[in-house]
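The values are calculated or read from the model by the stated rules, or taken from the named source; none is laboratory data. Nothing here was measured: the structure is a model prediction, and the numbers come from that model. Cβ atoms come from the backbone with ideal geometry, glycine included; neighbour counts cover every protein chain shown. What goes into the accessible areas is simple: the full protein's heavy atoms, side chains included, and nothing from ligands, DNA or RNA. Shrake-Rupley method; radii C 1.70, N 1.55, O 1.52, S 1.80 Å.
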Amino acid sequence: MAVMPMNWKIHHVKSVDSTQHLLREKAVSGADEGTVVYADKQTGGRGRQGRQWDSPTGNLYCSLLLKPECSLQEAGLYAFIVAVALANTIEDIIDTDGIQPKLKWPNDVLIEKRKCAGILLETETNSKNIVTHLFIGFGVNILPQEEGDRIGLSDYAEGVLRETVLNNFLKNLEYFINIYRKNGFLEIASAWRSYAFGLGERGRARTASGEYHGVFKDLDDDGALLLLLDNGDIKRITAGDVYFEK
Ligand code: BTN
């Protein structure tokens, strides 16, 4: 697949219901691949699995448009590409000895077990089920968080600017997209594993077809989580949430 430089076009708004909606509107009006929107705050921020994403002023809320012309299954791999780029960006910013961001399958970014960033992928397909538009939304917590299950970059670094996070992320994302296009998913999977949270540990996966308990063995070549069940079977988890016991 051809490696192409991305031409990011960044738009900033003060307030919006969701940057995902705004980007969809721009796509309908013919926005190019590489269009990026970020907002100071969102009034209807959305998370994965229909959850809401709290979006007060001070964090980064961003969506960007790719036009991959690929299958839905391949578009799903971008969740891992984006996660690796985000973890890499955050790792450089926090630069704290012994503390590394972790990726909880499929793509939550954690620092010390608390969520620092989340990613939401949405697609638009044509009549042949080809993904014409991939809307990549991500939120990065920057505000300090004293308690709860969230954490902000300001808990680890002083003077973090959203624009720095965004610009560094876009550079990293371009780098990892090009790795993927040149060398395929295996290299992304191995980068993902280097940040993996809970690998080798017992956990449970909550999916639409039920809950499964076992040991998180590996990430499969297509991004599925491989869970070794107590009866010795391997269960491939392709969608859902995972929780670890420790
Ligand atoms: C998750 O549930 O972990 C994903 C959260 C994604 C939140 C971001 S913030 C920018 C973009 N706009 C939204 O409404 N959601 C995503």
Within the stretch 28-46, residues touching a strand residue (DSSP E or B) at 6+ places or on another chain (Cβ under 6 Å) and near the ligand (Cβ under 10 Å from one of its atoms) come out as Val37, Tyr38, Ala39, Gln42
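Name the residues in the stretch 179-205 that are more than 30 Å from Leu229 (Cα to Cα) and either open to solvent by 30 Å² or more (accessible area, probe 1.4 Å) or touching a helix residue (DSSP H, G or I) at 6+ places or on another chain (Cβ under 6 Å) (or both), would you?
As a first pass, look at the stretch 179-205 and keep what is more than 30 Å from Leu229 (Cα to Cα): 179-183.
Result: Ile179, Tyr180, Lys182, Asn183.
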Restricting attention to the stretch 10-42, which residues are within 22 Å of Leu161 (Cβ to Cβ), hydroxyl-bearing (Ser, Thr, Tyr) and open to solvent by 50 Å² or more (accessible area, probe 1.4 Å)?
Ser15
What pairs come out if I take residues in the stretch 27-42 that are in contact (Cβ under 8 Å) with a residue 60 or more places away in the chain and pair them with residues that are basic (Lys, Arg) and in a strand (DSSP E or B) whose C-beta lies under 8 Å away, six or more apart or interchain?
Val36/Lys9
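Tell me, yes or no, whether the stretch 130-139 has at least one residue that is open to solvent by 20 Å² or more (accessible area, probe 1.4 Å), farther than 26 Å from Tyr243 by Cβ, touching a residue at least 12 places away in the same chain (Cβ under 8 Å) and of a type outside the set (A, V, I, L, M, F, W, C). Outline the logic, then answer.
Our first condition is that a residue be open to solvent by 20 Å² or more (accessible area, probe 1.4 Å); within the stretch 130-139, this holds for 130, 132-133.
Then keep just the ones that are farther than 26 Å from Tyr243 by Cβ; that gives 130, 132-133.
Subsequent filtering for residues that are touching a residue at least 12 places away in the same chain (Cβ under 8 Å) retains 130, 132-133.
Of the ones still in play, those that are also of a type outside the set (A, V, I, L, M, F, W, C) are 132-133.
Looking through the stretch 130-139, at least one residue is open to solvent by 20 Å² or more (accessible area, probe 1.4 Å), farther than 26 Å from Tyr243 by Cβ, touching a residue at least 12 places away in the same chain (Cβ under 8 Å) and of a type outside the set (A, V, I, L, M, F, W, C).
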When residues of the stretch 140-151 are filtered for being in contact (Cβ under 8 Å) with a residue 24 or more places away in the chain, surrounded by fewer than 21 Cβ atoms within 10 Å (Cβ to Cβ) and either part of a strand (DSSP E or B) or of a type in the set (D, E, K, R) (or both), how many remain?
2
Just the residues that are within 10 Å of the ligand (Cβ to nearest atom), within 28 Å of Leu226 (Cβ to Cβ) and aliphatic (A, V, I, L, M), please, taken from the stretch 97-144.
Val109, Ala117, Ile119, Leu120, Leu121, Ile136
Hits in the stretch 52-79 (condition: buried (at least 16 other Cβ atoms within 10 Å of the Cβ), farther than 19 Å from Lys171 by Cα and near the ligand (Cβ under 10 Å from one of its atoms))
Trp53, Ser55, Asn59
When every residue in the stretch 88-114 that is in a loop (DSSP other than H, G, I, E, B) and modelled with pLDDT of 90 or more is compared, the one farthest from Arg204 (Cα to Cα) is Ile99
